[in-house]
Structures are given as C-alpha cells and as structure tokens.
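All remarks here apply to the structure that follows.
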Amino acid sequence: MTMPEAVVAIRDIAATALPTPAVMLAAAMSILAAALVRGFTGFGFALTAVPLLGLFMPPIQSVPVAVCLQLVIGLGDFPRAARVCDWPSLRWLVIGGVIGSPLGALILRVASAPAARIMIALITAGAVVALNAGFRLAVAPSRSVTALVGMSAGLFNGLAAMPGPPVIVYYSTGPFGRVAARASMMVFFLVSSVAALISTAMLGLLDQSTVVLTALGVPVMLFGTWLGDLGFHRGGDRLHRRVSIASLALVALGSAVKGVSDLF
C-alpha cells in the first residue's frame, strides 16, 4: 500500500468510526460519572456507564464500550486489590460467572434496545431494594450458593455488562469488611470483563467505533477513578453505603424512563 492509499484508508476509518462531537462529549460525561462511582464504591462502572451511554446509543454498542473500559481499569487496580480481597468467596463467584456470561451475551444479540434498557433498570432496582433493606448475614454463604450468585452475575454481565447487582448484594450483606468487600468486587469485575469481552468478540459485537470510544474514554475514566478513590479513603461506612444506594437508584430510574419511552 502506498502512502496516499494509506492516508485515504485512515481517513475512511475515521469518517466511519469517529463519533460526532456531541456523542463524544456525552460519552465522556457518562464515563466520568461511572468512574467516580466505581472509585468510591469499588463497583458500579458498567452498572452506571451502560444506562448513561444507552441514553444516546443502543445497548449493543454501549455494552462493548463499558466492557473494554472496565477491563482496562480492572487491570490497573488488580495488584493492590489482590492483596486484601477475600479469595475463598471469589473463586466460586468466578466459576459461576464464567458459566453465565456467554448465556447473557447470546440473549443480548437478539434482544431489542428498549427491552434491554428495561431489563437493566429492573436489575438495578433489585439491587437498590436489597441494599436498602439493611439485612446482614452472620456467616458467609455456602460454596453452592456463592456459585449461583456468580452465575447470575455472569448472566447479567453478558446481557448488559452489569455483573454488579448480585455481587454487590453478596458482599454488602455478608460478613466482609468494607476494604475486603471493595477489593473483592474489583477483582471479580475484572474477571467478568475478560469473560464478557471474549463473548462479545465471538458474537461480532466489537467494531471500530467501540475501539475509538474506548481509547477516548480511558483518560476520563482514570481521572474519575482517582477522584472516587480519594473520597473512599476519606469517607466512612455509612457514607459509602448511602452513596452506593443513591447511585444505583438514579441509574435504575434513568434507564427505566429511556426504555419505556422507546417503546412508544
């Protein structure tokens, strides 16, 4: 390929893959908000990013972007999180998640955009109800129950890049400390993002636009995560729980409104 041909090829790729300025700005704001939530709570990046990105792009596009970004930030946090996470529960959650993720991705391929958004809202609302109930478990769930929680998280992960609700409820209600629970969720979501990325790639859901939006979103995500992490270390357990519940409730409301409006 000659130099002029290469220039033309790059120009064609940019014309088809580069989002409009309005979409890029909206995506940056969505990614920043999701990164702040994740940096503070240890979860919620995809749970927040997918519904927000879904306000101006279909789930079949927003989900792969969220998966790629979650993988990038998860790899960066892994060394620190691995030192303080709860490995006994993580092993069984990961086993279940690996099984459930391909099933969710398969459903995503045939689901309509409004249906996917409404499903996202219902999943998120369920997590809000469980967290707001305030109940706690005296002992950690059994291995089989933990594996089932992981499987349901994997299903949600493949469907909407949102493995959070089952795992959030698991660690928020179990006998885990705030630091260990936050680190464990970070490690689990890293593994989930790897499984989701493989599934979406195999189903042909990754394209040039996904790569461009991911690359543009990385600096914004890193900045938001850093700010959220500062807040986590300065806040207490009560503030951590309140922010988690409030964030999930707002996400559920926004996704539900968008999904229902698209049906009519």
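Please treat every number below as a calculation from the coordinates, not as lab data. Computed from a prediction, not measured in an experiment: that's the story for all the values here. Glycine also receives a Cβ, built like all others from the backbone with ideal geometry; neighbour counts cover every protein chain displayed.
Phi angles across region 172-187 convert, under the Karplus curve 6.51 cos²θ - 1.76 cosθ + 1.60 with θ = phi - 60°, into 3J(HN,Hα) values of 6, 9, x, x, 10, x, 4, 5, 5, 5, 4, 5, 5, 5, 4, 5 Hz, Gly and Pro given as x.
Assign one of three labels to region 97-149, namely rounded, prolate or oblate, based on the Cα gyration tensor with a ≥ b ≥ c the square roots of its eigenvalues; rounded applies when a/c is under 1.5, prolate when it is not and a/b is larger than b/c, and oblate otherwise.
Taking the square roots of the gyration eigenvalues as a ≥ b ≥ c, region 97-149 is oblate.
Each peptide in 48-61, 198-211 was scored by the mean count of other Cβ atoms within 10 Å over its residues; highest first, the order is 48-61, 198-211.
Near residue 174, the amide H atoms lying under 5 Å from its own belong to 137; only residues 5 or more places off or on other chains count, and H is placed 1.01 Å from N. In this simple spin-label model, placing a label point 7 Å from the Cα along the Cα-to-Cβ direction at both residue 22 and residue 226 gives a separation of 3.2 nm.
Between amide H atoms placed 1.01 Å from N, distances below 5 Å from residue 85 occur with no residue 5 or more places distant or on a separate chain.
Using Cα-Cα distances under 8 Å and only pairs 6 or more residues apart, what relative contact order does the chain have, in percent? List each step's numbers first, then the result.
Details: 430 pairs, mean separation 95.9, N = 264.
After rounding, I find 36 percent.
Our coupling estimate for region 79-96, obtained by passing each phi through the Karplus curve with A = 6.51, B = -1.76, C = 1.60 and θ = phi - 60°, is x, 6, 5, 5, 7, 10, 6, 9, 5, x, 6, 4, 4, 6, 5, 5, 4, x Hz, Gly and Pro reported as x. Going through (i) 24, 21, 20; (ii) 38, 26, 22; (iii) 31, 19, 18, the figure that equals semi-axes √(5λ) of the Cα gyration tensor in Å as computed for the structure here is (iii).
Considering only the Cα atoms of region 110-264, their convex hull presents on average a projected area of 10.5 nm². Each of residue 115 and residue 215 was given a label point 7 Å from its Cα along the Cα-to-Cβ line. The distance between the two points is 3.5 nm. For region 182-244, the square roots a ≥ b ≥ c of the C-alpha gyration tensor eigenvalues yield an a/c of 1.5 or more together with a/b not exceeding b/c, which makes the shape oblate. Can you tell me how region 23-161 classifies by the Cα gyration tensor, rounded, prolate or oblate, using a/c under 1.5 as the rounded cut? Since a/c reaches 1.5 and a/b is larger than b/c, the shape of region 23-161 is classed as prolate.
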